[in-house]
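Right, one structure below, let's go through it.
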Amino acid sequence: MIAHGIRGGWLPWGNISAGSTHLHHYNFGIATLAGVGLVAVRGDQTYVGHPGIGALYGTGSALIADEFALLLDLKDVYWAKQGRISVDVSLGILSALGLYLTAVPVPFWHEITKVSRDHVRERLAA
């Protein structure tokens, strides 16, 4: 939606650039995954298993998968017919994740609830 809004001009902001170089959102996905990796390797134990880290990992992965065609062809084909591969890969990933979450929902959601509740209690106690 954001990419369509930027392209259509109905969002109040535009593309992000560093100088004259356009930054694609896969760049932000790679940076997010690098940050998550840093937490996984050097982070405090309370943050390593936190659901927020998992959400950031998923966000970074989605930003990369959304521009899979660009990474595959090394050409900016996001709005071209060849860009459809990015949509297909993203939908495949979402479908697999959806299948997993519907097949094994209880332990996943119970763990998110438990860890989040414990995290809030720790913060309130401090």
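Quick notes
- Three semi-axes of the equivalent ellipsoid, the chain, Cα gyration tensor, whole Å, largest first: 32, 19, 14
- Helix 51-65 axis, angle to the chain major axis (alpha carbon atoms, nearest 10°): 20 degrees
- For chymotrypsin sites (Phe, Trp or Tyr not before Pro), the sites in segment 1-38 that DSSP calls loop and that have at most 14 other Cβ atoms within 10 Å are 10, 13.
- Mean residue ellipticity at 222 nm, helices only, the chain: -23000 deg cm²/dmol; runs of at least 4 DSSP H residues each add -39,500 (n - 2.57), and the sum is divided by the number of residues.
- In a fully extended conformation the segment linking residue 75 and residue 116 would gain 10.6 nm over its present Cα-Cα distance, using 0.36 nm per residue.
- Residue 15-residue 87 FRET efficiency (beta carbon distance; Förster radius 25 Å; 0.05 resolution): 0.80
- Cα-based helix-to-principal-axis angle, 25-42 vs the chain, degrees rounded to 10: 30 degrees
- Estimated FRET transfer efficiency when R0 is 35 angstrom, pair residue 126-residue 2 (beta carbons, to 0.05): 0.45
- Per residue accessible area of the chain, 1.4 Å probe, in Å²: 72 Å²
- Electrostatic bookkeeping for residue 25 treats Lys and Arg as +1 and Asp and Glu as -1; over the other residues with beta carbon under 15 Å from its beta carbon, the sum is -2.
- Helix 105-125 and the longest principal axis of the C-alpha atoms of the chain enclose an angle of approximately 70°.
- As a fraction of the 1.4 Å probe accessible area of segment 3-126, surface on carbon and sulfur atoms comes out at 65 percent.
The values are calculated or read from the model by the stated rules, or taken from the named source; none is laboratory data. Fair warning: this is a prediction, and the values are worked out from it, not measured in the lab. As a convention, Cβ positions derive from the backbone with ideal geometry for all residues, glycine included, and neighbour counts pool all protein chains shown. Quick note on the areas: whole protein, heavy atoms, side chains included, nothing else; ligands and nucleic acids left out. Shrake-Rupley method; radii C 1.70, N 1.55, O 1.52, S 1.80 Å.
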